[in-house]
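Each reported figure results from applying straightforward, stated rules to the coordinates on display, with no laboratory input. Remember, it's a predicted structure, so these values are computed and weren't measured experimentally. Please note: Cβ atoms are built from the backbone with ideal geometry, for glycine as well, and neighbour counts cover all protein chains shown.
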Amino acid sequence: MNALAKKIYSGARIEQAEALDLFNWDLIELGQAGDARRRIIHPASTAGFILDRIINYTNICEARCRFCAYHARAGRIPAYEMGMDEILSRVGELTDAGGTQVMLQGGLHPDHGIEFYETMIRTVKEAFPAIYLHSLSPTELVHIARTSGLTLDESLARLQDAGLDSMPGASDMLADRVRRAVSPRKITVGQWRDVMRALARRGMGSSATMTYGLGESLEERVGHLEVVRSTQDETGIIRAFIPWSFSPANTDMAETIPASGVDFLKITAIARIYLDNVRYIQAGWLTEGLGLAQAALAFGANDMGGVLTEEVVVKATGIETRASMEEFIALISGAGRVPVQRDSEYREIRRFA
């Protein structure tokens, strides 16, 4: 066992240069190291999932990211905005099915100030007090604050008072060079960190994602992980990390060669090893499919994310993956783990032993 392997298996923190070296490891050895690290930070034999729903209430978005096939100006999906009755109907369908979490997401709408978001959040929360609203995103918060003439803290205070429980830390690729190339109208890495700090000041939890395969280097992938880890060191609010591969079909980057399943498994394992302060690594089944997501449970992942996710953004690229709770239970059990239905704060609701 070499020096790096000894550090990993002992639970010691590794550095960026060492994480970069892991991309050269044999895939099976890397997976074993990732799983060993998972057992250190999450010794239980469980793997969780949540019953949730994403509600994309509009696709009118000023960001116009090159990697997105869903925004109205992409010319592929007609512009739309949901009314409150439709939003409430979809939340009701989720609660009828036993779901517990809703993700309201809609991009950077040019005409919506904070009053719109307060009304939407408050209306949902008053109709469904038990539902957990894990909604919006760092980029949306910066946009709301700017268009409303408010600070991040002022905006978050009003949204929290309206009923917002937490905010996904949608991160794309945390490398400013890449962001300037593919999403120049979205926030910078520094602004993403500012939002995470503001969430911490309000006592609100979050997450972090990675959309890879956007033309970034391996060094930039590791740099992304370092931003997440150092932000978690500072704030302690990141509950989970979720890697997603970029789906290029139907986007302005359609010529991009998609990342492979091997890339996904490597990133899962390396993220598990590097992010020693983030307990949960989710298997990104929406983009990778259920088979690879199951394999990721042997590479350091310990959560499958949401089951009843009504997902339309990835679907716009031509990828459509569906799953039921029964499938999740079977997949997790087949991976030798105990399936656990959890809530938004990763507390166990029900165990399927």
(request) Decide, for segment 1-50, between rounded, prolate and oblate: order the square roots of the alpha carbon gyration tensor eigenvalues as a ≥ b ≥ c, take rounded if a/c falls under 1.5, and otherwise choose prolate if a/b is larger than b/c, else oblate. (result) prolate
(request) Please grab the % of Cα pairs in segment 22-336 that end up more than 27 Å from each other. (result) 41 percent
(message) Please compute the modelled spin-label separation between ASP21 and SER324, points set 7 Å along Cα→Cβ, answer in nm with one decimal.
(response) 4.8 nm
(message) Can you compute the radius of gyration and Dmax for segment 251-290, using only the Cα atoms, both in Å?
(response) 12.6, 36
(request) Pull up the cross-link candidates among the aspartates and glutamates for LYS125, meaning alpha carbon to alpha carbon under 14 Å and not fewer than 8 places away within one chain. (result) ASP85, ASP161, ASP165
(request) Please give the contour-minus-distance gain from GLU345 to ARG197: 0.36 nm per residue of separation, less the Cα-Cα distance, rounded to one decimal in nm. (result) 51.4 nm
(message) Suppose R0 equals 25 Å. What FRET efficiency, 1/(1 + (r/R0)^6) with r the Cβ-Cβ distance, do MET84 and ALA130 give to the nearest 0.05?
(response) 0.85
(request) Return the long-range amide H neighbours of ILE237 (sequence gap of 5 or more, or a different chain), with a cut-off of under 5 Å between placed amide H atoms. (result) none
(request) Rank the residues TYR57, TYR80, TYR212, TYR346 as a footprinting-exposure proxy: fewest other Cβ atoms within 10 Å of their Cβ go first. (result) TYR80, TYR346, TYR57, TYR212
